[in-house]
Structures are given as C-alpha cells and as structure tokens.
Amino acid sequence: MSMETALAEPQLAGLPIEADEDTSIMAIEVGPEHPAMHGIVRFTTYVDGEMIVDMIPEIGYLHRGFEKESENSKWIQVIPYTDRLNYVSPLLNNIGYSMAVEKLFGAEVPRRAEYTRVIMGEISRITDHLTCVGAAAMEVGAFTFFLWFIKAREYLWELIEQVSGARMTTNWTRFGGNATDLPDGFLDDLQERLDKVKDILDECDKLLSKNKIFIDRVKDVGTISKEDALSFGFSGPMLRACGVPFDVRRSDPHSVYDELDFEIPVGTVGDCFDRYLVRMEEMRQSISIIEQAADKMPYGPIMTDQRWVDYPDKKEVYGNIEGLIEHFKMVMEGHQPPEGEAYAVVEGGNGEVGFYVVSDGSGDPVRVRLRPPCFNYVQAMKHMTVGHYIADIVPIFGSINMIGGELDR
Amino acid sequence: MELKVKQVQRVDGFKESLYLPAIFTGFRLTVRHFFRNLFGAKDVVTVQYPEEQRPVSVRWRGRHRLTRREDGFLKCVACYMCETVCPAKCIHIDAGDHPDLSVEKYPVRFDIDELRCVFCGLCVEACPKEAIRMDTGVISMAYASRSTFDFTRDLLKDEYQPNEVTKFLDEDLPKPKSQAEALPNSVGLPAA
Amino acid sequence: MTETTTAPESEAPGALTTLLQQQFSDTLLDFHNHRGDETVRIKRGAIVPVCQFLRDDPRCKFELMVDLTAVDYFEQGRDPRFEVVYHFKSLAHGHRLRVKAPVPEDDCRVDSIHELWKAVNWYERECWDMFGIEFTGHPNLTRLLMYEQFEGHPLRKDYPMDRQQPIMELREIDERNQYGRA
Amino acid sequence: MNLLLEILSIPLVQTILKIVFMIMLFAMPLGTLMTLMERKWSAMVQDRVGPNRANVGSFRGHGLAHIAADGLKSIFKEDTMPEGSDRFLYLIAPFFGLIAGVSVFAIVPIAAPIGSFTFQITDIEPGLLFIFAITSLSVYGAVLAGASSNSKFALLGGTRASAQMISYEVFMGLALMGIFMVYGSTRVSEIVDGQNAYWFGSLIPKWGILTQPLGFLLFTTALVAETKRAPFDAPEGESEIVAGYFLEYSGMRWSAFMLAEYVAIVGVAALVTTLFFGGYHVPWLHLWESAPEWLVRVLQFAKFTAFVVFFCWFQIQLRWTVPKFRFDQTMALGWKKLLPLSLANTVATAAVILIFV
C-alpha cells in the first residue's frame, strides 16, 4: 500500500487501525520503554515499510498529581514540587510559581532579587537547551556532542548548587524574593564558567552545525507551518523556529528583562534544523543576558519588606516576640494571599510556562495549574511525523524537548 | 527595549554537500580532545566517586542534623514548626517536659524518614531556634536496609555511622540540683 | 509588577472587556481586572461564538489558545460549582484575556471549541479527565492522563487525596503509611 | 627434533598452525581488546574516564579486567529466547558474522615469505574476490537474526541490514577494480609486492593510497558500511529501533554479535593496510641491505600490526565524531553517489593505465 492510498483509507486518518496480514501496515509501539523516549510517553506508530502513516501519542505515564498535591499543600510547600516539573530547568518553574503568588499578593520583588532571578533563570535556560540539543544530537548518533554538552551543563549546575544548595531540586525562590543571595565571589566564578561553556558551544558548533550527515537528518524533518504552530499553541523555541518572534520575556515583560538587551533568534522553515539553530543561538543570547545582568547587579535586599508575604527576618524571629509570633503564625497557617486569581508566565526552557493560581484567602491554594509548554508539542507529534520515516521520530521528538514531569505533571 | 530579531543562518551549501570538510573539522576536534586527555591535561568532570568526593558548596542541603546547646543537649524545643512546614511530611516529633526547668519542652522523639525527605530545606527556614540544619555535607545516603533511613533524634548527630548503635538516653540529660543551676538566667546571668 | 494595593482595580473595564460587552451584552456575566489580568465571565452556552469572535475579529486576534482548565469551588460552596477557564494570547496586539464559563454540577457540560484551535483537543480531554466536565461535540473525549479504568475525576475537590483506585494493590500502600519502626 | 621439523613441514600442519596463530593469537585478541579500547578511547574523546572499576584483587589495569568481567558475565548470563521465534535460525544466526569476520584473515599476509613458507594462511588466485564471497555471508547473520527473533524492531533492523550490506557489497568490489588494474592481479601477495615498488628511485613507495586515493576512500567507506558501524549504523539504530536485528539476544549469543563487530573492525583495518598501505612492507627497508632476515620479519610484522591498530583507532575515532545516516540516506549515498564515483574511478584508472603504461 502506498503512502497516498494509506492516507486515503478513512480509518487511517482517525483512530487505531487494525494492523493485520491483509495490509502492509505494521503497528510499532515506540515507547513507553524506548531509548529515544525521554521521560515516558508512548507513540503507537503505524508504519508502511518505514514510512509513518499514523501515530497515536499517549501520555500520562508520569502523572504524579502535581495539581492535586498542590491543592492539598500550603502555598509555600508547592515550591519544592515545582522543581520536579521541568527537572532540567527547575529554577524557571520556581520563578514562575513565585511570580504567580506574588501577583496574588501584589508584592513587589526587590531589584537585586529580580536580577539574581534573571541570572539564575538564564543559567537554567542554558542547561535546559544543553540537555535538549545534546540529547537530540545524541539520538542522531552524535554522542560526543552530547557528552561535551553534559560537561558544560555540569559547570552550570555547580553554579546553581553554589547559590541554591542543590543541583536540580533547587527550591530557591520565595514569595517576594529569593531564599538566598548570591555567595561571595560568585560573579567571577560565573564569568569563568560561562567562558568555558562558550568554548564548548563553539566547539560543538564546529562539530555538528555544518556536518552534512547531521543536516540531512534534521533538515526538512518535522516541519510545521506558522499557522499550524500557532493553532497548536506552540510557544518558545518551537514557535520561534517557525519564524514568529514570540518571546514571553519581550511580549509580557516580567522581571527586569526590559532593561536587558538581547536578540530573539527566529528560524524560517520550522523544521528540526531551525529548532536546533534557534536553541544554539538562544544559549549564546542567554550568556549575553547573564553577563549584562551581572554587570548591572544592584545592591540591596533580596526579600520584600512587605509583611505577611514571606517569613519575617531571622533577626526579628530571634530578637523579639512579635517577629516570633508572626513567624509562628506564618508557618502554622501558611502564607495567606488575598482572594483572587492570577496567571503568571515565564519563558521556560521550551516555551511559555504559565502558572494559574486561585486563592480564597486561606493558607491552602484552591487551584494551582501549570500550563506545560510541551503538552502542545506532543499533541502535534502526529501532525509532524506522518509522512516521515520511522527514524525521523527521533530527531523530531528530540527537538520538541518533551519533559515528562512537566507534560504529565 | 525594542524587539530585536535575529535570523538564524542555515548553512547548507556546496561545501557541506561534500561531506568530507565537515567530517575533517570534526575529526580534528575529537582527535585534539583524544590526545589532550591521553597526555595529562585532564579536562574531565567525572568524579571517581567512592575514592574522591566532589566538594559540595557550603549551602548544600544534605542530611539533617540537630544542633546542640553548650551543655550538649538538643536546641530543639519541639515547637512542631518543621513538622508542619515539611511538604513530604517526613518529620515526626513527640514533645516532652524537659528536666531542665529553664527549658520548657524537648523532643522525646524526633524522627526524620530520610527516604521521604525531598531535601527542600523548608524545615531549616521554619525553625525558630536554629535547631535543625542540613549542613552536614552528606551527599548520598546509601544504606542496606530501609529502617536505617529512619533517623531518630539520637542519630541526627554530626557524624553518623549506620552500623554503630548509639543511644542518647534520658539518663544522660542534665539533672539540675538547684533553681540557680536550672535557670541561670533567672538570677541575672547573661545568656551565653 | 503591579502596585501593592489590594483595592479592586477591577472596577474599570479593560478595552477587550468593553468590546465584549458591546458584542455579547446578554451573555457577559461579570468581569474584573484584578492585578492587570483582564477577565470576563460569560454564560457557558456562548463560549463557541465568543471564542470565534476572539479568534477572528481583527481587534482581538487571539492566535494562541494558551490554556484551558477548570476550577472546582466545592469547598467555597459556590454555585455553579465549576468554572472552565480559558487563557488567550494575541501576538498581533500583545494582550492576554481570561475567559471563564461557570458550569453547574448537575449539568456538567460545555460546548467544545476544538474546531477553533487545534491545541484545544487535548486540553479538553484533560479537563474532562480531571474534572469530569463534558465538552459536547468533542470528537474523542477519553481520558488523557489517567488510565481508562480509573474511577472518578481526581481534581474534583470531593475526590479524596488518598483514595485507592480498585486497580491498585493496597498492600504496599498500607505498608508505606505505617509510620515508624517495628 | 627431526620428527618435529618433519611434522612442521607438512603443509596441512603449517596451515593449521597459521590459522591458530592468526585467529587465536592475532584477530581474536585484538578484537577483544577493541571492545575495551572502544570504550576507553571514546571516553578520551568525550572527556570522560571510561571503564576502570572491574578489579582482580587490587589490580585494575586501567580497565583491563573489564574484558574478563564482560566475558564471564556474558557466559553466565541467561540465554533468553523470545516466544514464537524460529528456534534453529535464532540459535545459529550469531555465528555467521563471526565466521565472516575471521575469514578475512585467511588471505592477509603479515610478513614476507621465507623460502616457500608464507606468513599467510592461503594465497589463492581469486584472493579478494573469495573474501568478498565469504564476507557476504555475514548478511545472513543479520537477516536470520532479524527474521527469527519475532520482534518488529529486529525485523526492521534485519531488512535494513540486508539492504545496506548487499548494496555496499556492489561497489566495494568496484572500488577495488582500480587496485586490481594497477597491480595487475587479484592475488593478495602480488598486490602487496606491487606496493613495494618506488617512484623516483626509492623516494616514494607505490602504496595503494597514492595510486588509488579515491579508491581508498570509497573502499574504506564501503567497508565501514559493511561492518554496520557509524555513520552507517542504521541497522542497529539504537535510538530508533532500539538495537536492530540483535535486539532479542542475550548472553553469549549477544556477545557473538559484538565480537563479530569488533573482529570485523580488525579485519577492515587489516584489509586496508594490506591493500593501500603496503601490507607488511616497511618502506625504504630495502636500503638497509645487511639487515638480518629475522629482524626484517619482525619489523614487517610490527609495521603491519601498528597500521592495523592505527586503523582500528581511526574507525573508532570516526564513530565518535560523526552522527549517523538515516537508512534511506545510506542507500541514496551508496547508489547515487558512491557507485557512480567508483565506476568513474574504474574508468579513469583504466584510461590512465591505457595511455601512460
């Protein structure tokens, strides 16, 4: 059966086909256990020879009930859970959630805290892209590329560890500021490590970006048009690769991004090659953002002085009874944002990470909703893969950077 | 700041279609790495784990420890703050009357199930007495039995040997003989 | 960041709200502008024309259906109990809008808008899976995150946190909950 | 003593001894070593440490004990067989590749002959053509393994492997036509001896790489594709079809596939050395006329081994440098680019020989 006839078959366009001996169509389960499935997701793929004629993505294997768990926690207890959503860029989730709750409180974050958030968030974005691009490259056979990227990521994670006290489960932001300030000598160390990362980026660029074997694998693979991408709700690098300069850092300026100068890389075609190039360029832009933010870093507090937004200062707690009581009340009853709802967005590693929070004025959230960017990408997998070879699942899936924790929550 | 857009360059011309130049460039890079690692100059981030250990940052959130007062007893006053704030609900405290009259309560039982702990550090922030800390620098706890991970009050010391059975019994607590000894502050002595 | 007042800025309607008020005066229930998030509550029957208008009208031009979810106000005792929440983003104008449609518990259904944006398909499936809100007209309203045999809808507030599904083995969980040592 | 010499002079005994030497003492140990070296060398490329944990007492030897550990592990591992597989074919499939891999060494000379005694198992007239015939058998290994495993991934891997190997077989032969023409024979010993000639007095040796640079490139490409290693490892395709045709194998049979691959690496290196780098001939050694005969043989063997090890390293380095082709791109490259090129090479060589020689 040829490609055209297979697609003309009515049952193929919609739901599962029974693959039997009469057709030459074979059903292959790619996933849930499959080396190219980062996280766990299942693609029931129908192939004619090696050509994909239909695909049914199935998700939910990593569903841990983030939203239910959050609704049964205190507001502050959700922050550790957000680390586990997109576990390669946990800081961006921390920041997004904190921003949402700060919006409820109407709290203002001190400028130094905003600048440190920018630095840490961009480091997190680089680690996210390093993982995504590296893993996607590894799956088309460039293993060396991957391990060099992992080395670069290691440098950055040690930085994150210096600030937050953990490499991945950071739990770093608080409502109205950050848990910790940058340690002494951090900015010098940061510059040193960023230089190393830049070297690795250049090396890897030479190794792969002009290699025809790699270009063959990613060029015109998984192409999605601008209109379809918008309709599928794409955001982040995936949408920018289609040529739409949509970046939450610019369109909904949060934090201090409007004081920093950077370019938004966009692609033209919207295939895997564009996504690769956009991500590579974005890492360079992130490095430049970090350098600018480090230059402009102001002095000052890292926590808001607004009361009842975060725990009182430790000096207050140890020093006087009012502080101790306030601290005690806040721990025991939880933070109590005023009644209302808020939706805060950050530009996450692979798109718009939105937190929709609803409060009834008590210590327990009514609703904590994460808008996962890769939800839309996995939904579009069928659209992007049908008509390609089975080997193309790998670069396409690699380029959408699905993170199981974020997708299934 | 205005919106600046940068078009990424898709390089795919005749030179690329020859395959060999790019492969040669790549080869030069990998061979350089090969020889750099073959002769000295180790640019390797791998840690040979059990023999050498990575230096962790001072802020590293590792295994918990309970700090002590100068007389050696626990600072903890069993206020249940850490137990309340813990998102993993891994801390369990039973409060009891402290024999030292200057201290109201102390934890008769202070258990942390390290297998449930998510190492978020919220307990450290919540503690009003700096009684619990996570600065031991213990990065991995790999023990053979599940019960080893149930850290009790007596095991939350600075160093912990899983095989060594240590008990901090109630007899070890200070037994003040007079009011002045029990409550040094009440007779006007400055707190240490 | 917005000002640190809790006073309702919600009184003054935003530009989009005004536009929607003109166009759908009979279906618009309520609106607010809390913390700069433009929000309108509409009757659930009007969700398809409103969304159609939001997508196609040049003054709105919401190309992106950002998010679709629901909120359960069971504990607050609100009637109607559910609210389906839509978030939209327009790239052309750069504005965002939140549309909410209240859904009562006894007639838990709302019209599907899957034909307007392709992304809606899975969001509606997820919403059905989690809240049991039926989207009429949806082509394939099956469970997305939970497994087929799952009973109930986990994000409803009356679904207890520790409820055991019949498909799961209970023994291991009992063991885990037994806190402390033997 | 005399009896021993007499026994040793029987050709059959000599052949058996040579086989034992070549297979058991040269090819297999090198192939086994390659399993470790691949990991160590790739670690160096990738700024890692590589395996170094296995130990015998306190002896680690930078990971040498891993060879023994891997061997023992695969012997003692359960030899599983998927349900519904074709039992007989499933059991014999792993050994086709191994047999084809070692058979290359039947024609490779490792030193110059002493009198009538050759350091080569057999020097048959068809030489390389025979080798092509035998190595084609390794296709069966992949196909049978893929077909008998009762697994869709394995089946895809098997079909990919068969298509790829058969098509690359075609122009592997064509790529060598130039060599046959230049040295005027298909007999390996004559090709090797032909490369002992020099241009400009005794300045530049007439190695195959210099007479047939394009042929070298094409032949090496074809050989790498034959061994199904990167960038031509679509049949294994570990990221898309998991492990391809040997997906279901375990234990010793899986090791047989792996060993076949590494023996094939050594085989490729030996063939390339023999055909394009003067074989065992040490260049300019003839200038040292008073060299003792044994030393010449030792030097020749050393040169041969050094080149073989170098090309093993080269292949491994190549694998960790380049990404891999998609399956259809492998085929397109073979049929649309390399086949016309090798035909052109053949014609050009013939023209040059016709005009200038």
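The values are calculated or read from the model by the stated rules, or taken from the named source; none is laboratory data. None of these values were measured; they are calculated from a predicted model. Here the Cβ is made from the backbone with ideal geometry for all residues, glycine too, and neighbour counts use every protein chain on show. When the accessible area is computed, the model is the full protein with side chains, heavy atoms only, and any ligands, DNA or RNA have been set aside. Shrake-Rupley method; radii C 1.70, N 1.55, O 1.52, S 1.80 Å.
One residue alone among B:101, B:29 is at the interface with another protein chain (Cβ under 10 Å from one of its Cβ atoms) and either of a type in the set (A, V, I, L, M, F, W, C) or not in a helix (DSSP H, G or I) (or both), and that residue is B:29. Residues in region A:47-80 that are among the β-branched types (Val, Ile, Thr) and under 22 Å from residue C:123 (Cβ atoms) were compared, and the one that is surrounded by the most Cβ atoms within 10 Å (Cβ to Cβ) is A:59. The residues of region D:199-214 that are within 13 Å of another protein chain (Cβ to nearest Cβ) and free of Cβ contacts under 8 Å to residues at least 60 places away in the same chain amount to a single one, D:213.
From the list B:148, B:152, B:136, B:166, the one residue that fits, being modelled with pLDDT under 75 and within 14 Å of chain A (Cβ to nearest Cβ), is B:136. Condition check for residue A:42 on (1) more than 14 Å from chain B (Cβ to nearest Cβ); (2) touching a residue at least 60 places away in the same chain (Cβ under 8 Å); (3) crowded, with 18+ Cβ neighbours inside 10 Å: one failure, at (2). Does residue A:175 qualify as being free of Cβ contacts under 8 Å to residues at least 12 places away in the same chain, touching a helix residue (DSSP H, G or I) at 6+ places or on another chain (Cβ under 8 Å) and either of a type in the set (Phe, Trp, Tyr) or more than 10 Å from every other protein chain (Cβ to nearest Cβ) (or both)? Spelling it out, it is not the case that residue A:175 is free of Cβ contacts under 8 Å to residues at least 12 places away in the same chain, touching a helix residue (DSSP H, G or I) at 6+ places or on another chain (Cβ under 8 Å) and either of a type in the set (Phe, Trp, Tyr) or more than 10 Å from every other protein chain (Cβ to nearest Cβ) (or both).
Before we move on, is residue A:139 more than 10 Å from chain D (Cβ to nearest Cβ) and not aromatic (Phe, Trp, Tyr)? So residue A:139 fails the test.
Let's see how each residue does on (1) assigned to a helix (DSSP H, G or I); (2) facing chain A (nearest Cβ under 9 Å):
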| position | (1), (2) |
| --- | --- |
| B:11 | no, yes |
| B:15 | yes, yes |
| B:34 | yes, no |
| B:50 | no, no |
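Restricting D:54, D:43 to residues that are open to solvent by less than 30 Å² (accessible area, probe 1.4 Å), farther than 20 Å from residue D:306 by Cβ and not in a helix (DSSP H, G or I) narrows the list to D:54. Scanning region A:248-267 finds no residues that are under 23 Å from residue A:400 (Cβ atoms), touching a Gly at 6+ places or on another chain (Cβ under 7 Å) and of a type in the set (D, E, K, R).
Across region A:235-272, the number of residues qualifying as facing chain B (nearest Cβ under 8 Å), assigned to a helix (DSSP H, G or I) and free of Cβ contacts under 8 Å to residues at least 24 places away in the same chain comes to 2. Taking strands (runs of 3 or more DSSP E) as the structural unit, no element lying wholly within region A:13-96 holds at least 2 residues that are at pLDDT below 75 and hydrophobic (A, V, I, L, M, F, W, C). Tell me, which helices (runs of 4 or more DSSP H) lie completely within region A:338-409 with 1 or more residues that are polar (S, T, N, Q)? Hits in region A:338-409: A:373-379, A:381-385, A:393-400. For region A:178-189, the candidate set comprises residues that are touching a helix residue (DSSP H, G or I) at 6+ places or on another chain (Cβ under 9 Å) and not polar (S, T, N, Q); within that set, the residue that is nearest to residue A:363 (Cα to Cα) is A:179. Being under 21 Å from residue A:174 (Cβ atoms), in a helix (DSSP H, G or I) and at the interface with chain A (Cβ under 10 Å from one of its Cβ atoms), is that true of even one residue in region B:114-122? Taking every residue of region B:114-122 in turn, at least one turns out to be under 21 Å from residue A:174 (Cβ atoms), in a helix (DSSP H, G or I) and at the interface with chain A (Cβ under 10 Å from one of its Cβ atoms). The criterion of being farther than 30 Å from residue D:42 by Cβ, basic (Lys, Arg) and either open to solvent by 70 Å² or more (accessible area, probe 1.4 Å) or modelled with pLDDT under 75 (or both) holds for residue B:68. When every residue of region D:229-244 is checked against the conditions, none turns out to be away from every other protein chain (no Cβ under 14 Å), in a helix (DSSP H, G or I) and open to solvent by less than 20 Å² (accessible area, probe 1.4 Å).
Of the strands (runs of 3 or more DSSP E) lying entirely inside region C:13-131, those containing at least 3 residues that are farther than 27 Å from residue A:352 by Cα are C:28-32.
Residue by residue, here is whether (1) without any contact (Cβ under 8 Å) to a residue 24 or more places away in the chain; (2) open to solvent by 20 Å² or more (accessible area, probe 1.4 Å); (3) within 25 Å of residue A:50 (Cβ to Cβ); (4) part of a loop (DSSP other than H, G, I, E, B) holds:
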residue: D:216; (1), (2), (3), (4): no, yes, no, no
residue: D:225; (1), (2), (3), (4): no, no, yes, no
residue: D:248; (1), (2), (3), (4): no, yes, yes, yes
residue: D:265; (1), (2), (3), (4): no, no, no, no
residue: D:275; (1), (2), (3), (4): no, no, no, no
residue: D:279; (1), (2), (3), (4): no, no, no, yes
residue: D:304; (1), (2), (3), (4): no, no, no, no
residue: D:313; (1), (2), (3), (4): no, yes, no, no
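Yes or no: residue A:198 within 22 Å of the chain's Cα centre (by Cα), at pLDDT 85 or above, surrounded by fewer than 24 Cβ atoms within 10 Å (Cβ to Cβ) and within 14 Å of chain C (Cβ to nearest Cβ)? Considered against the rule, which asks whether it is within 22 Å of the chain's Cα centre (by Cα), at pLDDT 85 or above, surrounded by fewer than 24 Cβ atoms within 10 Å (Cβ to Cβ) and within 14 Å of chain C (Cβ to nearest Cβ), residue A:198 comes out as no.
Among the residues of region D:60-91, the one identified as in contact with a Leu (Cβ under 7 Å, 6 or more places away or on another chain) and under 30 Å from residue D:150 (Cβ atoms) is D:89. Within region B:65-85, can one find any residue that is aliphatic (A, V, I, L, M) and more than 14 Å from chain A (Cβ to nearest Cβ)? The answer is yes, given that some residue of region B:65-85 is aliphatic (A, V, I, L, M) and more than 14 Å from chain A (Cβ to nearest Cβ). Residue-level check: of (1) open to solvent by 10 Å² or more (accessible area, probe 1.4 Å); (2) more than 10 Å from chain D (Cβ to nearest Cβ), residue A:147 misses just (2). All conditions in (1) touching a His at 6+ places or on another chain (Cβ under 8 Å); (2) surrounded by 22 or more Cβ atoms within 10 Å (Cβ to Cβ); (3) in the same structural domain as residue A:234 (by TED's automatic domain parsing) hold for residue A:311, with the sole exception of (3). Here A:291, A:352, A:282 are screened, and the one residue that is within 28 Å of residue A:120 (Cα to Cα), open to solvent by 10 Å² or more (accessible area, probe 1.4 Å) and within 25 Å of the chain's Cα centre (by Cα) is A:291.
Put simply, of A:127, A:169, A:180, A:173 the only residue that is over 27 Å from residue A:242 (Cβ atoms) and in contact with a Leu (Cβ under 8 Å, 6 or more places away or on another chain) is A:173.
Residues checked against (1) surrounded by fewer than 24 Cβ atoms within 10 Å (Cβ to Cβ); (2) assigned by TED's automatic domain parsing to the domain that holds residue A:278; (3) farther than 30 Å from residue A:256 by Cα:
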{"site": "A:319", "(1), (2), (3)": "yes, no, yes"}
{"site": "A:322", "(1), (2), (3)": "yes, no, yes"}
{"site": "A:344", "(1), (2), (3)": "yes, yes, no"}
{"site": "A:376", "(1), (2), (3)": "no, no, no"}
{"site": "A:384", "(1), (2), (3)": "no, no, yes"}
